[in-house]
Every structure is written in structure tokens, then in C-alpha cells.
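Take a look at the structure below.
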């Protein structure tokens, strides 16, 4: 009886490890972890980041990516998104504290759209290229166009709505 219980325990542990490794390997070490949004939100982050685009969920990128993004706000993807030093520090601290906790990839991309998991989930087999050109979508950075719950960290596939 003890032998059977031991074998079941070992198999369960190995299976869990294998599934975790497979998920991580499938995206080149880019495993976001959960949750994408922390239980406690940050009003400064929502206000400042959400004034031009959705306030992207901190769990979508690793801490180093958020540090890079926040260090270059004067040239933030073609816009000057500069903040006071105090605001920058506060938002950076929030993003870093709530960043992906399972990222193993050797890279720290500047854009969510540059991540292996994003590219795999949005490749031409998943999203036809012409969809990105639709007026309601505009760009790959407009998560909310197809993911109505994106601002709340909800990217559940069953809730995707592709605009016409």
C-alpha cells in the first residue's frame, strides 16, 4: 500500500513538473504566471498609463522589461510620456512588484507584442493578417479591441470578440 501511494506521489510530481516545463518551453521561457493583475491596483498607474492606452497588466512582462520601459518615457514608442521623478518611481515600483514571476527567457522585451507567447497566440494561424488593419483594431498593441476584459487582465480565449 505504501509503495503504491509513493508511486502515485512521484508520478504526480513528475507530471506537474513536465507540464510546467512544457508550458515554459513552448514560449521560449516566457511564462507570465498568474495573476496578470494584482489584487491591489494602483490609481497613479491607471491614471498615467491609461491616459493614452490601456494600463497594461504588470504580469504581461518581467520586471526588467518594465524597468526598461519606465526608464525611457521621454521617447515612449514615439511619444513623450515623461513623468515627475516621484511618479516614475512609484509606477516603476508597482510594475516591478507585480511583474511576471515565472519568466525564464533570457530577454526582456520592450513591447508585449515582441514576446514569444504573444507572437505565438497571435500568429497568422490564430489571427488573419487583415484583422490588424481594421479600423477598430488599429494595431497589435490595442488589446481591448478583441479582448473586452483586457483592462482587467482578462484575456480568456472564450471571451475574444474580433471586430468587423
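The values are calculated or read from the model by the stated rules, or taken from the named source; none is laboratory data. Since this is a predicted model, take the numbers as computed values, not measurements. Note that each Cβ is placed from the backbone with ideal geometry, even for glycine, and that neighbours are counted across all protein chains shown.
This table checks each residue for (1) in a helix (DSSP H, G or I); (2) in contact with a strand residue (DSSP E or B) (Cβ under 8 Å, 6 or more places away or on another chain); (3) modelled with pLDDT of 80 or more.
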| site | (1), (2), (3) |
| --- | --- |
| 32 | no, no, no |
| 36 | no, no, no |
| 39 | no, no, no |
| 52 | no, yes, yes |
| 59 | yes, no, yes |
| 90 | yes, no, yes |
| 93 | yes, no, yes |
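Tell me which residues, restricted to the range 108-155, are in contact (Cβ under 8 Å) with a residue 40 or more places away in the chain, outside any loop (DSSP other than H, G, I, E, B) and out of contact with any helix residue (DSSP H, G or I) (no Cβ under 7 Å at 6 or more places or on another chain). Correct list: 116, 117, 120, 152. Could you go through the range 85-107 and let me know if any residue there is within 26 Å of residue 138 (Cα to Cα) and more than 14 Å from the chain's Cα centre (by Cα). No, that holds for no residue. For residue 46, the conditions (1) loosely packed, with under 13 Cβ neighbours inside 10 Å; (2) assigned to a helix (DSSP H, G or I) are fulfilled apart from (1).
Here residue 132 does not qualify as surrounded by 13 or more Cβ atoms within 10 Å (Cβ to Cβ) and within 16 Å of residue 42 (Cβ to Cβ). Restricted to the range 61-88, and to residues there that are in contact with a helix residue (DSSP H, G or I) (Cβ under 8 Å, 6 or more places away or on another chain) and in a loop (DSSP other than H, G, I, E, B), the residue that is surrounded by the most Cβ atoms within 10 Å (Cβ to Cβ) is 61.
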